[in-house]
1. Give me the distance in nm between label points sitting 7 Å out from Cα along the Cα-to-Cβ direction at R135 and A61, one decimal.
2. Between the alpha-carbon centers of the range 25-56 and the range 68-113, tell me the distance in whole angstrom.
3. Give, in nm to one decimal, the length gained when the segment between E293 and T24 is fully stretched (0.36 nm per residue of separation minus the Cα-Cα distance).
4. Need one word for the chain: rounded, prolate or oblate. Basis is the Cα gyration tensor (sqrt eigenvalues a ≥ b ≥ c); a/c below 1.5 gives rounded, then a/b vs b/c decides.
5. Out of all DSSP beta bridges in the chain, what portion is antiparallel? Express it as a percent rounded to 5.
6. Indicate, rounded to the nearest 5 percent, the antiparallel portion of the DSSP beta bridges found entirely in the range 255-318.
7. Within the accessible area of the chain, what % is carbon and sulfur when the probe is 1.4 Å and the other protein chains stay in place?
8. Among C238, A518, S141, which residue has its Cα furthest toward the positive end of the charge dipole of the chain, with +1 on Lys/Arg Cβ and -1 on Asp/Glu Cβ?
Amino acid sequence: MPSSHSAGSSSWRLGPDLKTALGTLTGHWERAGLARRLWARDATVWTAASEARWLGWLDVATLGGSASELAAAQEVVAAVAPSDVLLLGMGGSSLGAEVVCQILGAPDRGATLHVLDTTDPAQVRRLVEPLDLARTVCIVSSKSGTTLETALLADYLLGLAERQGGTTAARRFLGITDPGSALERRARESQFGGVWSGRHDVGGRFSVLSNFGLVPAAVCGVDVSALVERATEMATRCGPTAALRNNPGVQLGLVLGCAAGLGRDKVTLVMSPAVSALGPWLEQLLAESTGKEGHGLLPVVDEPLASPEDYSTDRLFVSLRVVSEPDAGKDVALTTLADAGHPVVELRLPDRLAIGAEFFRWEMATAVCGAVLGVNPFDQPDVEASKVATRALMTGRDTAAAETGSMRVARLGAISLHAAPETATELRARAGVVDDLPALLSAHVQRLVPGEYFGLLAYLDMCETNRAPIQRIRYLVQVARRVATTVGFGPRFLHSTGQLFKGGPATGVFLLLTCDHADPLTIPGRNYTFDDVNAAQAQGDLAVLVARKRRVVRLHLGLDVSAALTQVETWVRAACSALPPGPHGGAF
């Protein structure tokens, strides 16, 4: 039986190897005073680079706007009496608010929050067309104030709103951005209804308890003061004078770092339905913070639990369960996994408001894990690389990059497979054919071995019609190859797991999906469409993946995405049925 210990609202069943490593590392942190030095903003806890500039999130009690600032936001919204709030923002500028409203929001207390974080024309149209813009408040959220997607979406929505409501439509727009940014200037010049400031010392993915997360939640009727109170209580428990072995955030971070050091870098999240919306936020926080310098944790979200023998030795299971939502089936499954030697951490939340505490616990844990891995958890160099590649394509400076050094390898009906020349050569050798698309796709899946992961990167509308077959494809590969799997919708994931895919361990095998659009959706004042931008982002993403020597192929699905996904699912199902099972990663 694996060893275990419990403290408060958590239990830890880590197994002997991980427990021993954790004890050793905890002792080192105690002797070196690393938790105290972290709170003192000592950058040598990490890489002695720019880390000290990004620790404003430690000031959780005063991080967000004052009560008067939040009340002012609510007053602006009350004057409109909106039925909906539309949040335009990417990554940390929108994920936190989305999580808070999904978990704590209630239709009878305020407007419904919708997040627009895409350049996919079909998704933009699907989300915007049902809204009455005369009764919709639009929040434009960007830390830098120059985020490409957010700027284009603001252009589009302002144009629509002005056509429907005249020149006063801008009063229904609010801005959230760092002081002095281009967005702040635009908001003032366009006479937005208000602008709320971020903080220069808080990065986007650590900003959920700042105005970026609190203002949209407050205008939707969420009691954000209670959320901050829970976070502040957790910050005290994680504080510089707390006993390290009872410090919830530091201990979780040390477990994450130790597990990664032992090869268990696939953090598989198992969550109660009440807090399942927390998954994408945790995904960004962990992946974008740790995925660099060849290190990193892969957060695995929404993957079905399997039997112990279906997993390699690369998993750490973390359960977040609301105690009022017992799930005997998951309890049995987690116990079975722990008994088989897989480490399992269970975090029990007293209620939904406890997400406030979890925000801070996981921020602290991520910062600590970054220190253990020896990386700067507050930068995102490979996210910037993708932005550069996209801008090059958009401005036409690098038209050859439209195919990113890749070529069309095979076509069947409306679907075509594209890959870099060296990838095409390897797949043809594996499959024993030149241009048989299903066989080449099967050869790509067969590249996966235990300890690696499969990433589906879909530059498609993130609607249920597309999500369902993609999830089924994911599950087929998970079972057939016994590997971790992840799904990202572009360009959303570029501001999240995209950093890990390019800067983390080279253990991913990727299938990138693109499509055509019947209506490319024009953008006021621009000489390109949303379709152009979305295509450039996909191509730029592919360019960086290829440059980083990642194993990636692109399937272009044509116009009928639903039919194409059904066909791809059929091919993958046949491939997984024909392949020998992925070998186990070794006995425990």
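1. Result for the modelled spin labels: 4.2 nm.
2. 35
3. Numbers: separation 269, 0.36 × 269 = 96.84 nm, distance 2.42 nm.
This chain segment gains 94.4 nm when fully extended.
4. On the way: a/c = 1.64, a/b = 1.03, b/c = 1.60.
Cα axes put the chain in the oblate bin.
5. That works out to approximately 25 percent antiparallel.
6. 10
7. Numbers: 11000 of 20990 Å².
Taking all protein chains in place, the chain shows 52 percent carbon and sulfur surface.
8. In the chain, that residue is C238.
The values are calculated or read from the model by the stated rules, or taken from the named source; none is laboratory data. Bear in mind that the values here come from a model prediction, so they are computed numbers and not experimental data. Virtual Cβ from ideal backbone geometry, glycine too; neighbours counted across all protein chains shown. To get the accessible areas, we keep the full protein, side chains included, count just its heavy atoms, and leave off ligands, DNA and RNA. Shrake-Rupley method; radii C 1.70, N 1.55, O 1.52, S 1.80 Å.
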